[in-house]
Each structure stands twice: as C-alpha cells, then as structure tokens.
C-alpha cells in the first residue's frame, strides 16, 4: 500500500516547481472559515487577520460547516478554498469541480453526514505540497458511521492552477491507512528541513501512532511508533507546539450508561522534527472528569498548554516535571447565554495575532479570547464574549491549521555543512556501528550523539564528541530493525541519519 500511494502521488503531481514554498507560508491561515451545520445557510463567516485588530464578516457558502472545518489561504493571506471533510468549496463558496463525495461510506450518506460534514473536530487538514506551488493535499478521515469511530485515513489533491485559479480536485479518496483511528485529531508540523510535513495519527486500542511524511516525492506512510498509553475509542484533539518540539493530545468518549462523557488519559510528548519520533511521555489530568474536553492549544512561546472544558479553561506548565501540580483554572464561565444556549468555552485555536480564540458551545455568535497566553496564571487574561457577531448566525467549529510560521531548526551556520558529513560504517550493522562527524566549527559549542530506536527510546549517548574523530557503539544486543543516530547541541537536533541493524 505504501508503494502504490507514493507512485500515485508522483504521477498526479507531475514536474517539481523550481519555486519553494517554505519561506512564504506565514499567511496561509490569515483568514479563518467557520459556520453552522444542520441548515443550508447561504453564508458562513470569515475571521480576517490581514486586518488589525482582527475583522469578521459573512461570506458566501453552499455547504454545511460543523465540527470539521479547515481552509487555506494563498501566500498573501487571501482565501483559496475550504472543506467540511465531505465536500470542498472554492473561495467563492461554490462546490469545486470533483469536490463532492469525499470520505464515502455509511456516515457520509447518513442524515448527520449530509447536514454536518464530518462530525469530529480536526477531521481534516490542508497542507501545501512541498515545491508544488499550485497543489495542495487534504487529509480527511473515513468515518464508520458513528461520530467517534474512524476506520481509515484518506487524502485528496487540489490543483489551484485549474479553473482559472478557482481550483479542481484532481484526485480524491486515496486510501493511506486502513485501521481503527482516533476520531478527529489530525494535525501536522513542519519538518526540521523547513520544507516537508509530518502528521501523527493515534491508532485506537494501541499505544501507537502512525507517522506520515509529505515531501516533494509525495505522501509517505513512514512508519508506526509505540509509545505512551493505549488510545481508547473517542473524540481526539491534538496539537504540536508552535516551536515544534512538543505534541499533546486529549480525548473523551460519551458514557452511554450515565449519559456523561468520560475523559481519557491525556499525554504530552517531546517531538523530534528531524526523525518524526516522539519521546518522554508525560500524563496530565483534569478536575472535571464528567465533561467534554473540547480543545487544547499551546501558548505562542510553547511553554503553556490550555484546554477548554465547557465551563472552565485550564492551564498547565509544559516544562514542569509534574504537569498536574502546575494545573491552574484561568477562566470560568460567567453564566451568560445566547438565547437558550450557554456561552461555554468550546473549540479553540492559536491565531496569527498570538491570541487564543474560543467559540461558544453549543453555538453562539460570540468568540472568547485569551489575550496574553504566554503569561502563567490568570494574568493570561481570559475575556469572555470578546467578539460579537451582532445578530448574525452562530458558528460551531473552528478551522484546523498547522503552524505555518514555524521555520527550520535553529542551527549554527558552520554546522550546516555537517548535514552530509555524518558517516556510518557498516550500514547495515551487526555487532557495532562506527561513525565520524566531519566538519569545521569555530563556535564554542558542544555536540552529542544519541542513538534511538523506532519507539523514540534513547539506547546510547556519547557526550562532547570531537569533530573528525571516530566513535563506536556496540549494537550486538540491539534487536534487528531501524535505528536513528542524531547530532544534538543544546537539546536541539541538528541532523539525524537512519541505519539498520541485522544479525
């Protein structure tokens, strides 16, 4: 399946453009689309961050926008297209050619599918294809017919050079993963090379994540990693931190016996943008155990994590060894309503203006905001009903984006030449691996070498290596498989290479 996926993508994408996208993607999320399901509304809503302060206004639309909603802008921050996971609309709100019948199956043909789109937060995400200036890949889940079960991951490709710049879906519903997956929980992060993309997808009933790589060669199912706790069936919300070094997820599942949701284990990991591997899992929990965890978001500096639980907003210190001891309630619902509906804290998203916005649950014409999310405690300043849509229609979901402003891993200029100069022999290895780092460094820096397995576990480490000297690591006790050696300076991975162990 992996080979077929790569070949199909390469054929569809065609020749590589000579223009790189990675340095001008910062405005890809400057306009947000959101709306409301169940009704054939003629308009949705745009939140426009090209204007300071953010402006909001109605926009033409021909599809229902529920929990799953995502869009993408051009490099000037102007809307290109959007999707609810089952249909794709162009910038004018009209159904794109071949933009119907995404994620086909029992759920898509049900009443809920017809009126809601995909019924899970983060059920779809759009990424620009590396080096292909006009092509975009949409990842979208295949639902089994219930709102908290996904049985596969699909992807479709949009070419914006077609239809006079309004776009055409040139390929759709390509099967990437056939397995029981988290409902929602699709997110992505830029590779350390500042070109490619990583996606991680939790596998249900396993302590495992699927790892997907998007690069100029196409869409790759790069592997699986077992780490952390078993993922139970339910709705998931996941985030990478803005600096790309952390990954967090929360989940919940309705308890049919007591009609209350049950919060599952939530975890925070370190993430390596070079290898795509997680490490160092830390659990964190909540006081509220019988409510929905609507969404999570990191602070702009990546040091704080927030979660909305309807009546409360929680904050954790991600640098704390014991995250639960750092938990603080920074916002509590003030009792206001919109008609009959309480204006609870619902889905949230870190915005280009470095504020975190929340829509209101179950639906209202307000946005709440965390005004200063880098500040610990109540100083972060939760402002309820910060944005009011007058008497306009409410919104249900918040658009799902990666961080388009994340750049390459900061490195010392002299170390750039090392990227092609980490030598291994033999590869494959049996009893040992010998390596040598060749280069020239004038800065006063310390380089360490770490050997990690495919689960992200550190097996060996050599501190303060010397350039041009050879080092040997015994691998005779390593099980056969794929391993990674990475060069680290000040806890940042500068480069990594893979090698095999066979016996």
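The values are calculated or read from the model by the stated rules, or taken from the named source; none is laboratory data. Predicted, not measured: the structure shown is a model, and the values here were computed from it. When we count neighbours, we look across all protein chains shown, and the Cβ atoms used for this are built from the backbone with ideal geometry, even at glycine.
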Any hit, the stretch 152-172, residues being within 17 Å of the chain's Cα centre (by Cα) and at pLDDT below 90: no
Subset of the stretch 233-249 that is part of a strand (DSSP E or B) and at pLDDT below 90 - its residue that is surrounded by the most Cβ atoms within 10 Å (Cβ to Cβ): 236
Every pair of residues 6+ apart whose Cβ atoms lie under 6 Å, when the first sits in the stretch 333-350 and is in the same structural domain as residue 249 (by TED's automatic domain parsing) while the second is modelled with pLDDT under 90 and surrounded by fewer than 17 Cβ atoms within 10 Å (Cβ to Cβ): 341/362
Answer residue from the stretch 251-273, given it is surrounded by fewer than 20 Cβ atoms within 10 Å (Cβ to Cβ) and outside any strand (DSSP E or B) and is modelled with the highest pLDDT among those: 265
Members of the stretch 281-324 found to be in contact (Cβ under 8 Å) with a residue 60 or more places away in the chain and under 23 Å from residue 458 (Cβ atoms), listed by number: 302, 318
Subset of the stretch 37-58 (residues that are touching a residue at least 24 places away in the same chain (Cβ under 8 Å) and over 22 Å from residue 350 (Cβ atoms)): 37, 38, 39, 40, 41, 43, 58
Of residues in the stretch 379-398 being at pLDDT 95 or above and either not assigned by TED's automatic domain parsing to the domain that holds residue 352 or not in a loop (DSSP other than H, G, I, E, B) (or both), the one surrounded by the fewest Cβ atoms within 10 Å (Cβ to Cβ): 383
Residues that are at pLDDT below 85 and surrounded by 14 or more Cβ atoms within 10 Å (Cβ to Cβ), drawn from the stretch 451-461: 452, 453, 454, 455, 456
Criterion violated by residue 219 - all others in (1) modelled with pLDDT of 95 or more; (2) surrounded by 21 or more Cβ atoms within 10 Å (Cβ to Cβ); (3) farther than 23 Å from residue 250 by Cα satisfied: (1)
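Quick check: is even one residue across the stretch 77-84 assigned to a loop (DSSP other than H, G, I, E, B), in the same structural domain as residue 169 (by TED's automatic domain parsing) and in contact with a helix residue (DSSP H, G or I) (Cβ under 7 Å, 6 or more places away or on another chain)?
Checked against the condition, which is being assigned to a loop (DSSP other than H, G, I, E, B), in the same structural domain as residue 169 (by TED's automatic domain parsing) and in contact with a helix residue (DSSP H, G or I) (Cβ under 7 Å, 6 or more places away or on another chain), the stretch 77-84 yields no hits at all.
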The stretch 319-375, residues that are buried (at least 21 other Cβ atoms within 10 Å of the Cβ), in a loop (DSSP other than H, G, I, E, B) and touching a helix residue (DSSP H, G or I) at 6+ places or on another chain (Cβ under 9 Å): 373
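For the stretch 296-312: of the residues being within 14 Å of residue 368 (Cβ to Cβ) and modelled with pLDDT of 95 or more, which is surrounded by the most Cβ atoms within 10 Å (Cβ to Cβ)? Walk me through it before giving the result.
Our first condition is that a residue be within 14 Å of residue 368 (Cβ to Cβ); within the stretch 296-312, this holds for 297, 306-312.
Imposing the further condition that a residue be modelled with pLDDT of 95 or more reduces the set to 297, 306.
Values: 297: 27, 306: 25.
Looking at residues that are within 14 Å of residue 368 (Cβ to Cβ) and modelled with pLDDT of 95 or more, I get 297.
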